[in-house]
Amino acid sequence: MVAVQERTISVWENKIKPKVQVAGSGPPVVFLHGAYGLTWDPFLDELARNFTVYAPEHPGTTWGDPDGIKPLDNLWDLVLYYDEVFDQLGLQNPAVVGHSFGGMVAAEIAASYPHRVGQLVLLCPIGLWRDDAPVKNWMIMPPEDVIKAVFHDPTGPLAQQMLAIPEDEKAQQDAQIRTTWALACTGRFIWPIPDKGLKKRIHRITSSTLLVWGKSDKLVPPVYAQEFASRIKNSRIAMIDQAGHVPQLEQLGEVSTLVRDFLKS
Amino acid sequence: MKISMFHLMPYRDLPDDFEQRYHSVWVDPPWKELGNAEKVGQYYNWTLDELIYAAKSGMDGICVNEHHQNAYGFMPNPNLMGSVLARATNGMDVAIVQMGSTLPTTNPPTRIAEEYAMLDTMSGGRLVAGMPLGTAMDATLCAGITPIEQRERYYEAHDLILKAWTAPDIFAWNGKYFQLPMVNVWPRPIQQPHPPVWIPGLGSLSTWEFAAQHNHCYCFLNYYGPVVGKGVMDGFWQFIAQKGIEPNPYRAGFLQLVAVAETDALAEKLYEKHIRYFYNKSLHIPGEFFFPPGHQDYRSLENSIRKGLLKSQFDQLQAIPNYKFKDFVDKRLVIAGSPATVRDMLRQGVEDLRVGNLMVLLHIGSMPHDLTLKNIDLFTREVMPHLHDKWDDKWENKWWPEKLRAKRQTSLAAL
């Protein structure tokens, strides 16, 4: 376990105060989390062995700053906001790793500011759309259905951990509020269909890009790996066996090695 | 008090095993399997006939509302219905209560300013302008509105509509969600400065505040009767008292399911299956459709999770499929029975809730046309006259079209 430091930064004329978790040493890597909010997990521990990991919380999802979502109306605002976040953290052109919703945000940043993203790792990103393989709308799925779509093994310990309810009532309520509000805030940029024009901009990405997809992802079907790769010039795909929408946790060893080697190359 | 007949215009012939076979009555019930356009044409005509019959029978107002992709009620544009009702009740002292066009999903919202003004002029100044926020099902799932933006859009649309009705001059609207270069609505309403505005709500603090701040009538629309309603309405009146606002009962509206027969026993025989159809099939909606994240603002979300409001509502819903007629009536979800039973329960409910504008759902679920007319007939002859005097000794209904505020003369002769 690495020591994780928590910083609160002030962005967008001090109207948004996200928390950023920072750990490790080495070249900087920004990690952008998915729609359910940020949890510091073993994959980030692994990354922090070789890199300085910066994991900012998306605007509004930071506990105590629910209004942080209000100043940002759309995706354009969100991309500009992350330009300011990078400045605040003193990062010129870090590597960016994005998961799911965070993958879409990472791709949008890289398409808008090709020189601001050193390398790009997209873990099961959303952002493109095929009528024959719709991305599931997790905002209206009951938790047990989400688990089935997210995990290769919905009965395994990882899945059970996600379904676990804290015993303490206050902690239980906090968790429910935190998750619901994280979904509400990230939902601002993707409802009702997460296809907000990335397809027009994605050709601008120049960073070398690694796409990682779990072969059993039933939330964002694996056919999207090819959709992304065919549009990003300098990209390759790693399909992961026995993993769903969170391959970096279901196959922790394999994926963290892949990502480390890619970022070191 | 003022009493209006509310109609949902439901599909009246869903299959017996509907709730076992299908995911939801709302958003995703497959039309190709369930819908019959010929039948639906008949339903629309019956619905209009039932409301017009209620108007002729002396009802103070007739109400329609807006829902989408919904087999329990599908008047996607309530103003199409309202225009027929306005025309058919020309010359009668009955209010056209539109409960109403959903603000966040009508684009641009000046469309509502125009259509409501059409109805107000056509009806000779008899419109009540309902301004719903819309359910999550209608606004976010059917119309694609981003959940976290629904309420903001609503506030902006409301302000735009009122300004469009009242501004003396042409103006530009530079809003966050709507930009209009030259707002100059034709026609404007007869009622000045504008028709009374009713705000339907489900008990959220933000909606009370909004209604009170603008001096609109707050209407608690749900299907669980005065016992459940009391929790919400007590909160509303406490809020009004704290703000130092006049506690005029006409500031509040309430919807109640009502079924009247000659005797209590006959009411059970005639209505039980339609009541069960309503609660089991028409309200067959999965929980996750009601509250997509962001539909509630942060403070309402925190409030409802900390107080366990969502859980208690959910638990209550779970029990309903096992209810018998007696349970529905004992718990007052439905007020049903002989005229004497109904008027006692209704009077009690109205007093408990302190409500001046009562809406009664007299067509319930699968009720056939004839039975609906019978219900309307018994209600208007045997129940309504006994309730009309309530509140009028002390309070004026400032949220009712001005020309209709006097007590209505029942026009049975018109039948």
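Give the relative contact order (percent, whole number) for region B:2-414; include only Cα pairs under 8 Å separated by 6+ residues.
Relative contact order here is 23 percent.
For residue B:67, what residues show an amide H to amide H distance below 5 Å, using hydrogens built from the backbone and excluding near sequence neighbours?
B:75
Please list, ordered by chain and number, the residues whose modelled amide H lies under 5 Å from the amide H of residue B:171; skip anything fewer than 5 residues away on the same chain.
B:183
So which chymotrypsin sites (Phe, Trp or Tyr not before Pro) in region A:13-63 pass both tests, a DSSP loop state and at most 14 other Cβ atoms within 10 Å of the Cβ?
A:63
Toward the positive end of the charge dipole of chain B, about the Cα centre and with charges on Cβ (Lys, Arg +1; Asp, Glu -1), which of B:231, B:10, B:22 goes farthest?
Farthest along the dipole direction, towards plus: B:231.
Which of B:190, B:72, B:241 sits farthest toward the positive end of the charge dipole of the protein assembly as shown, with +1 on the Cβ of Lys and Arg and -1 on the Cβ of Asp and Glu?
B:190
Using a 10 Å cut-off on Cβ to Cβ distances, tally the other chain neighbours for every residue of A:58-69 and report the average as a whole number.
Partner-chain Cβ atoms within 10 Å, mean over residues of A:58-69: 1.
How long, wide and thick is region B:2-414, going by the Cα atoms along their three principal axes, in whole angstroms, largest first?
Largest first, region B:2-414 extends 61, 49, 48 Å along its Cα principal axes.
Give, rounded to the nearest 20 debye, the magnitude of the charge dipole that chain B has about its Cα centre when Lys and Arg contribute +1 at Cβ and Asp and Glu contribute -1 at Cβ.
The calculated dipole for chain B is roughly 460 debye.
Assign one of three labels to region A:5-264, namely rounded, prolate or oblate, based on the Cα gyration tensor with a ≥ b ≥ c the square roots of its eigenvalues; rounded applies when a/c is under 1.5, prolate when it is not and a/b is larger than b/c, and oblate otherwise.
rounded
Using alpha carbon coordinates only, what is the Rg to Rh ratio of the protein assembly as shown, with Rh defined as the Kirkwood radius?
1.03
Per-residue Cβ counts within 10 Å, from other chains only, averaged over A:170-180: what number is that?
If you average over the peptide's residues, the count of other-chain Cβ atoms is 3.
If we sort B:15-21, B:344-350 on the protection proxy, mean other Cβ atoms within 10 Å, highest first, what's the order?
Put in order of decreasing packing, that is B:344-350, B:15-21.
Helix by helix, which DSSP H runs in chain B go 20 Å or more along their axis at the Cα atoms and have an average Kyte-Doolittle hydropathy of -0.5 or more?
B:37-56, B:225-242, B:339-353
Give me the distance between the Cα centres of region B:337-363 and region B:220-255, rounded to whole Å.
For region B:337-363 versus region B:220-255, the Cα centre distance is 15 Å.
Residue farthest toward the positive end of the dipole of region A:1-131, with Cβ of Lys/Arg at +1 and Asp/Glu at -1: which of A:79, A:95, A:63?
Ranked along the dipole, the leading option is A:95.
To the nearest 20 Debye, how big is the dipole of the protein assembly as shown about its Cα centre, given +1 on the beta carbon of each Lys and Arg and -1 on that of each Asp and Glu?
860 debye
So if I take the centroid of the Cα atoms in region B:107-133 and the same for region A:1-49, what is the distance between those two points in Å?
Taking the Cα centre of each part, region B:107-133 and region A:1-49 sit 51 Å apart.
Checking the table B:176/B:398; A:148/A:215; B:163/B:243 against a 21 Å threshold on Cα-Cα, which pairs fail?
B:176/B:398; B:163/B:243
Give the relative contact order (percent, whole number) for region A:5-264; include only Cα pairs under 8 Å separated by 6+ residues.
That works out to 20 percent.
If you put +1 on each Lys and Arg Cβ and -1 on each Asp and Glu Cβ, how big is the dipole of region A:220-265 around its Cα centre, in Debye rounded to 20?
Result for region A:220-265 is approximately 300 debye, rounded to the nearest 20.
What average count of beta carbons from other chains do you get within 10 Å of the Cβ of residues in B:147-154?
For this peptide, the per-residue mean of nearby foreign Cβ atoms is 3.
Compute the relative contact order of region B:203-339 as a whole-number percentage, counting only Cα pairs closer than 8 Å that sit 6 or more residues apart in sequence.
39 percent
In what sequence, highest mean first, do B:352-359, B:322-329, B:166-173 appear when ranked by Cβ atoms within 10 angstrom?
The densest-packed peptide leads the list: B:352-359, B:322-329, B:166-173.
I'd like to compare B:183-191, A:114-122: which one has the highest average count of other Cβ atoms within 10 Å, and what's the full order after that?
Taking the mean over residues of other Cβ atoms within 10 Å, the ranking is A:114-122, B:183-191.
Only Cα pairs within less than 10 Å get springs; with that Gaussian network setup on chain B, which residue of B:405, B:87, B:151 has the largest fluctuation?
In the Gaussian network model the winner is B:87.
What is the gain in length, in nm to one decimal, between residue B:205 and residue B:299 on full extension, counting 0.36 nm per residue of separation less the C-alpha to C-alpha distance?
Net length gain for the segment: 32.9 nm.
None of the figures in this text is laboratory data; all of them are computed from the coordinates on show. This structure is a prediction, so every number in the text was calculated from the model and none was measured. Every residue, glycine among them, receives a Cβ derived from its backbone with ideal geometry; neighbour counts consider all protein chains shown.
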